């Protein structure tokens, strides 16, 4: 093979990459042996072989790896300059086959000075935030002293890995461009799989004294994986060592600097989002709205004589499988009833109005303890009696329910409904800590069950709504005090955890959603701009949990429940510690549109539009999925193994999440179509969101 020039320089605004036969240098990041190939022998044992390039010319670097087993592979890397970094297009082709069985390749850059993982800050979307201090002990990237953290990219909303040095603010970002993600049925176990159909990579970090950022193809995952259950293990993946077989991938490396972790995350996410340029099929918003309401009306009836918004309905049959009712959170009984009431009043449908009133009245008459702590979940027995689940009351569940009651009160001005909400508001005011916090979990006797305070801001939108309903300044003062506590703890640390009561105090998406909504509520209450940037930061955090690339689901797997003819864009990872995904980002369309108006940042407008259509993909709004009701959609699934499988069930929050932002848009602007709203003068739109 001819040897080209000894060195090429690709110059950028902040760094330059040097590519030579002796290796690659990019600022303080280097790789002396850029060709890294894992060889799987005939006995299935594996070893890594490494080599420098043998030729470099015009941005094209090549080298041949000869294995001890008699195989040879040609590696071709094409380097191209982009802003603040470079792109590498890699092709690995099998030239000759000896006794080897399979191979994989890796591209990595190693920092020139020693450091440990615990000394840096990291961002891998939906998996790793900063130092991952609030994650389950068996979660990916939970070990600050790990030597290997490689994560399959189908777990990731976008395949990005970023490291930030907190001492100088310098960042390095690696992203996989144009990911494919293809797999097949049965690709869901730990032992090594050799198959050319696998087109997903893994991305992350290595550390054996010096930190390395790395991409591996196909995507072996370790030294932890959720395949086969969480724990320390490897799920090894390789391509077959077959004559002429090749694999290809395109990576971008970006050097940057950021004054803090949140700024680094925003820059990395937005670069990747713009590169991905997700295009979502349009959904008929009006049909999605109507069918969601019709589903709530169909199932929110009496069971054994007791009104209930049932906890679960089977998909696709539409059969009610759990008649219990939960006030808020995933049960969303009271917010759902308020939506039905509004629809009934607007349509002059007296039957629907009565249906909604019966649902609300049951809660108002039966769930409140004398001290102001509500019971939040009841079961209906066959004889028509009700038993209350004795679990402590979580701020999230209670606040969701009380906001629903206030939404209903605004439509009727019923004093008993307002008094019901006030009782909980008075309890919160009386039990707020000196630092502005509120305990996250309460016993029915009014004592804190657990004193964790990181979820205090869950009550802010309720307290703000209660202030607007009553004019009582105690509630607004309490809301502001909680907000200031959240500023000094949650926002300043860019640490969002505890959004889900059933998975408490782990880093999760819903914590970000609730923080964004709390800060937006305080901006609306006070008109103060100091709440806008915290809302935007929380909004960016939530974005990073949202799939902005379409993960293909195996065509040969009969257990896939996600509709194969729909894109997976808009689904979002729920929490650290697993890779379950849901449609919760539907809840935030109005919030991102508000961020656009408040910040004039066009990215938030684009993201609002993206969510408006992508979060309707799971539901059967057009009847093409064959579900019993067009409003049905599934509650949770995974896009990584087991691909597209999950819960065959609908819970009320799914329809509430679709409807609530649409109702807010319609109430504020007269329509929920963003394109129509954008035709209004900006001053008028700003006025309407502040009313």
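Just to be sure, is residue 188 surrounded by 18 or more Cβ atoms within 10 Å (Cβ to Cβ), at pLDDT below 95 and not assigned by TED's automatic domain parsing to the domain that holds residue 455?
Yes.
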Among the residues of the stretch 338-347, is any part of a loop (DSSP other than H, G, I, E, B) and either buried (at least 17 other Cβ atoms within 10 Å of the Cβ) or at negative phi (or both)?
no
Whether any residue in the stretch 410-426 is in contact with a strand residue (DSSP E or B) (Cβ under 8 Å, 6 or more places away or on another chain), within 27 Å of residue 366 (Cβ to Cβ), surrounded by 20 or more Cβ atoms within 10 Å (Cβ to Cβ) and in contact (Cβ under 8 Å) with a residue 60 or more places away in the chain is what I want to check.
no
Looking at the stretch 462-472 only, could you name the residues that are within 11 Å of residue 525 (Cα to Cα) and surrounded by fewer than 24 Cβ atoms within 10 Å (Cβ to Cβ)?
467, 468
How many residues does the stretch 378-390 contain that are modelled with pLDDT of 95 or more and either out of contact with any helix residue (DSSP H, G or I) (no Cβ under 9 Å at 6 or more places or on another chain) or surrounded by fewer than 21 Cβ atoms within 10 Å (Cβ to Cβ) (or both)?
9
Please work out if residue 487 is crowded, with 20+ Cβ neighbours inside 10 Å, touching a helix residue (DSSP H, G or I) at 6+ places or on another chain (Cβ under 7 Å) and not in a loop (DSSP other than H, G, I, E, B).
no
Look through the stretch 108-132, keep the residues that are touching a helix residue (DSSP H, G or I) at 6+ places or on another chain (Cβ under 9 Å) and farther than 25 Å from residue 638 by Cβ, and return whichever of them is surrounded by the most Cβ atoms within 10 Å (Cβ to Cβ).
121
Which residues, taken from the stretch 553-571, are at pLDDT 95 or above and under 17 Å from residue 645 (Cβ atoms)?
568, 571
Mind checking whether some residue in the stretch 613-620 is more than 20 Å from residue 339 (Cβ to Cβ), out of contact with any strand residue (DSSP E or B) (no Cβ under 7 Å at 6 or more places or on another chain) and part of a loop (DSSP other than H, G, I, E, B)?
yes
Assess whether residue 454 counts as being in contact with a strand residue (DSSP E or B) (Cβ under 8 Å, 6 or more places away or on another chain), surrounded by fewer than 19 Cβ atoms within 10 Å (Cβ to Cβ) and part of a loop (DSSP other than H, G, I, E, B).
no
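Looking at this structure, is residue 504 assigned to a loop (DSSP other than H, G, I, E, B) and either in contact (Cβ under 8 Å) with a residue 40 or more places away in the chain or under 23 Å from residue 394 (Cα atoms) (or both)?
yes
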Look through the stretch 18-30, keep the residues that are buried (at least 20 other Cβ atoms within 10 Å of the Cβ) and within 33 Å of the chain's Cα centre (by Cα), and return whichever of them is nearest to residue 85 (Cα to Cα).
26
Tell me which residues, restricted to the stretch 82-107, are at pLDDT below 95 and surrounded by fewer than 16 Cβ atoms within 10 Å (Cβ to Cβ).
82, 83
Just one of the numbered conditions (1) out of contact with any strand residue (DSSP E or B) (no Cβ under 9 Å at 6 or more places or on another chain); (2) modelled with pLDDT of 95 or more; (3) closer than 22 Å to residue 565 by Cβ is not true of residue 599; which one?
(3)
So residue 394 fits all but one of (1) touching a helix residue (DSSP H, G or I) at 6+ places or on another chain (Cβ under 7 Å); (2) buried (at least 24 other Cβ atoms within 10 Å of the Cβ); what number is the exception?
(1)
Residue in the stretch 573-585 that is over 22 Å from residue 176 (Cα atoms) and part of a helix (DSSP H, G or I) present:
yes
Enumerated strands (runs of 3 or more DSSP E) restricted to the stretch 173-285, each holding at least 3 residues that are under 24 Å from the mean Cα position of the chain (by Cα) and within 21 Å of residue 544 (Cα to Cα):
202-207, 211-217, 246-257
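Only one residue in 596, 621 is surrounded by 20 or more Cβ atoms within 10 Å (Cβ to Cβ), closer than 27 Å to residue 308 by Cα and not assigned by TED's automatic domain parsing to the domain that holds residue 408. Which one?
621
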Would you check if residue 235 is more than 30 Å from residue 629 (Cα to Cα), modelled with pLDDT of 95 or more and buried (at least 23 other Cβ atoms within 10 Å of the Cβ)?
yes
Determine, yes or no, whether residue 115 is in a loop (DSSP other than H, G, I, E, B), closer than 14 Å to residue 165 by Cβ, in contact with a strand residue (DSSP E or B) (Cβ under 6 Å, 6 or more places away or on another chain) and in the same structural domain as residue 265 (by TED's automatic domain parsing).
yes
Need the failing condition index for residue 328 against (1) farther than 26 Å from residue 419 by Cβ; (2) part of a loop (DSSP other than H, G, I, E, B), just the number.
(1)
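The values are calculated or read from the model by the stated rules, or taken from the named source; none is laboratory data. Predicted model only: the values in this text are computed from it and were never measured. Note that we place each Cβ from the backbone using ideal geometry, even for glycine, and neighbour counts take in every protein chain shown.
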